[in-house]
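Okay, handing you the structure first.
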């Protein structure tokens, strides 16, 4: 049995007939083809699947697509606006915030959310914010530096994240 | 597409009101879906296999945190992050902020709910002991109205509560006692193997002290909750009884810790052997009591200065 799920993802409304048991991460990746969000541990431990649901980060392996019906989702694909990278993305480039890249989209979605609430987080606040996400490459040092870089280079004020 | 873990087939309904939710929940094999951060993992593992999920995330009336008639009222749908961010809750019961800081991780705390934690009734879950220490009351709504159950009678065992088919946990009420002469304070202390993990053991304490600020104080009432160590209803009743009327000092707290350790029932598992868990209960109970007493003294000092 399927149900109609309509979700506004990155400003575009999508509707699909899916099973109620479909997880949001699979809806995003397989139904919508937005594969920037990664499917990792499947147990809400690793945070590779973090997207925003109604403007708050969520581990998309642990919510149903049905729960997002009528709501707003934002994924990593939306960080770039008009060909311009979000300062968080620029920070990850500038500070080598990734190696294999598997955790990166989730890390960046959490970082963007953190900076929207706290534009100048210190190292402890950044580490706390990403404490539910796992990176096996960087030892986190460069991720923390990348988020600090973004805080110091807030960039493009005419495209604040709230305009989604 | 081959998926590693997905829930089994299930029906999904979104409740548009509490009454609607209660009507849906009167069907057998139905589960409430709030944050879903315990239920969905259980469904992936087939540890839960409901016929239907009733999504209550739209029921905003169940998510408020407010002070009313001498009670801190916490809606069942309040998120962990809401309780952690609530200055009101933190002012009256710092134990909730201590506990919420160590529940899972910041992203999970944005979605997981207070009511969901209590109803999941996981023996290692932190809020059950915190609410037990505060002598809270669960308000359970059914189609015939509300019933109130002391949180110390709410859990029937691991993953089991008194909530029946057709009922919904609506809110938790925590009595805010009037100003104690010696102040009142609370705290929660947890040991986990790594950040964000379940407790190996944890202890929560609420102290109400009698006596003059700066003079001799005695413990008027102590509430002690224990997490993950097989304490009946998450309570260290013998240690609470021991403390009544005693001085709030290190000696009393250490003795209370020893009593709590003696009377709980931890089991050896991947988080540690039984004797280690008993050691933690003794130490964490004493630490939580010390911290609660320190906060009570501060509160009494503040009340004294206002006069």
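Can you pull the mean other chain C-beta count within 10 Å for peptide B:97-109? Provide the component values of the computation, followed by the final result.
Working: counts 0, 0, 0, 0, 1, 0, 0, 4, 10, 10, 17, 8, 1.
For peptide B:97-109, the averaged partner shielding equals 4.
If you don't mind, there's one more thing I want to ask. Report the FRET efficiency, 1/(1 + (r/R0)^6), for residue B:265 and residue B:147, where r is their Cβ-Cβ distance and R0 is 30 Å, rounded to 0.05. Don't jump to the answer; show the numbers that get you there.
Working: r = 29 Å, r/R0 = 0.97.
Computed FRET efficiency for residue B:265 and residue B:147 comes out at 0.55.
Looking only at other chains, what is the average number of their beta-carbon atoms within 10 angstrom of each beta-carbon in A:59-66? Please list the in-between numbers first.
Values: counts 7, 0, 6, 12, 7, 9, 1, 8.
Mean inter-chain Cβ contacts per residue within 10 Å come to 6.
For chain A, set up a GNM with springs between Cα atoms under 10 Å and report which of A:110, A:35, A:12 has the largest fluctuation.
Comparing A:110, A:35, A:12 in a Gaussian network model of chain A, the most mobile one is A:12.
Based on the Cβ-Cβ distance of residue A:127 and residue A:12, what FRET efficiency does E = 1/(1 + (r/R0)^6) give at R0 = 35 Å, to the nearest 0.05? Before the final figure, lay out each step's value.
Working: r = 34 Å, r/R0 = 0.97.
For residue A:127 and residue A:12, the calculated efficiency is 0.55.
Can I ask one more? Taking every eigenvalue of the Cα gyration tensor of chain B, multiplying by 5 and rooting it, what semi-axes result, largest first, whole Å? Before the final figure, lay out each step's value.
Values: eigenvalues 238, 102, 49 Å².
After diagonalising the Cα gyration tensor, the semi-axes are 34, 23, 16 Å.
Taking R0 as 56 Å, what FRET efficiency do you get between residue B:238 and residue B:9 from their Cβ-Cβ distance, rounded to the nearest 0.05?
0.70
Output needed: percent of Cα pairs per 5 Å distance bin for region A:87-155, bins running from 0 to the one holding the longest distance.
Reading upward from the zero bin: 4, 21, 36, 28, 10, 2.
Label points 7 Å out from Cα along the Cβ direction at residue A:56 and residue B:29: separation in nm?
3.2
Determine Rg/Rh for region B:184-302; Rg is computed over alpha-carbon atoms and Rh is the Kirkwood hydrodynamic estimate from the same atoms. Can you show the working numbers first?
Values: Rg = 14.2 Å, Rh = 14.1 Å.
Dividing the radius of gyration by the Kirkwood radius yields 1.01.
Something else about it: Calculate the spin-label point distance for residue A:35 paired with residue A:2, positioning each point 7 Å from the Cα along the beta-carbon direction, and give it in nanometres.
Each label point is offset 7 Å from its Cα along the Cβ direction, giving 2.2 nm.
Which whole-number percent is the relative contact order of chain A (Cα, under 8 Å, 6+ apart)?
On the way: 298 pairs, mean separation 38.1, N = 164.
Computed value for chain A: 23 percent relative contact order.
Taking chain A as the reference, fit the longest principal axis to its C-alpha atoms, fit the long axis of helix A:104-117 to the helix C-alpha atoms, and give the angle between the two in degrees, 0 to 90, nearest 10.
Tilt of helix A:104-117: around 70 degrees.
So for region B:60-175, averaging the separation of alpha carbon pairs under 8 Å that are six or more residues apart and normalising by length, what relative contact order in percent results? Don't skip to the answer; put the middle values down first.
On the way: 212 pairs, mean separation 32.1, N = 116.
Across region B:60-175, relative contact order equals 28 percent.
Let me ask something else. In peptide A:127-137, what is the residue-averaged number of other protein chain Cβ atoms found within 10 Å of each Cβ?
Values: counts 1, 4, 3, 3, 7, 9, 3, 0, 0, 0, 0.
Averaged over the peptide's residues, the number is 3.
Nearest 10 degrees is fine. How inclined is helix A:141-152 to the longest principal axis of chain A, computing both from alpha carbons?
On a 0 to 90 degree scale, this one is about 80.
Suppose we look only past 13 Å in the calculated P(r) of region A:76-115. What percent of the Cα-Cα pairs does that tail hold?
Working: 387 of 780 pairs.
So the portion of pairs separated by more than 13 Å is 50 percent.
Across the Cα atoms of region A:3-78, what radius of gyration and what greatest pairwise Cα-Cα distance (Dmax) are found, in Å?
10.8, 29
When ranked by the protection proxy of mean other Cβ atoms within 10 Å per residue, highest first, what sequence do the peptides A:73-86, A:17-30 form?
On the way: A:73-86: 17.3, A:17-30: 21.2.
Averaged packing, sorted descending, gives the order A:17-30, A:73-86.
Moving on. How much of the calculated P(r) for chain A lies past 25 Å, in percent of all Cα pairs?
Numbers: 3733 of 13366 pairs.
Above the 25 Å cut-off, chain A has 28 percent of its Cα pairs.
Where does region B:6-59 land on the Kirkwood hydrodynamic radius, alpha-carbon pairs, in angstrom? Write down the numbers at each step before the final one.
Details: mean 1/r = 0.0899 Å⁻¹.
For region B:6-59, the Kirkwood estimate is 11.1 Å.
Now for a separate question. Run the quick spin-label model on residue B:87 and residue A:141: label points 7 Å from Cα toward the beta carbon, then report their separation in nm to one decimal.
4.0
Would you mind calculating the gained length between residue B:275 and residue B:197 on full extension (0.36 nm times residue separation, minus the Cα-Cα distance), in nm to one decimal? The partial results should precede the final answer.
Details: separation 78, 0.36 × 78 = 28.08 nm, distance 2.03 nm.
26.0 nm is the gain from fully extending residue B:275 to residue B:197.
Coordinate-derived values only; no laboratory data. Predicted, not measured: the structure shown is a model, and the values here were computed from it. In this analysis, Cβ positions are derived from the backbone assuming ideal geometry, glycine residues included, and neighbour counts consider all displayed protein chains.
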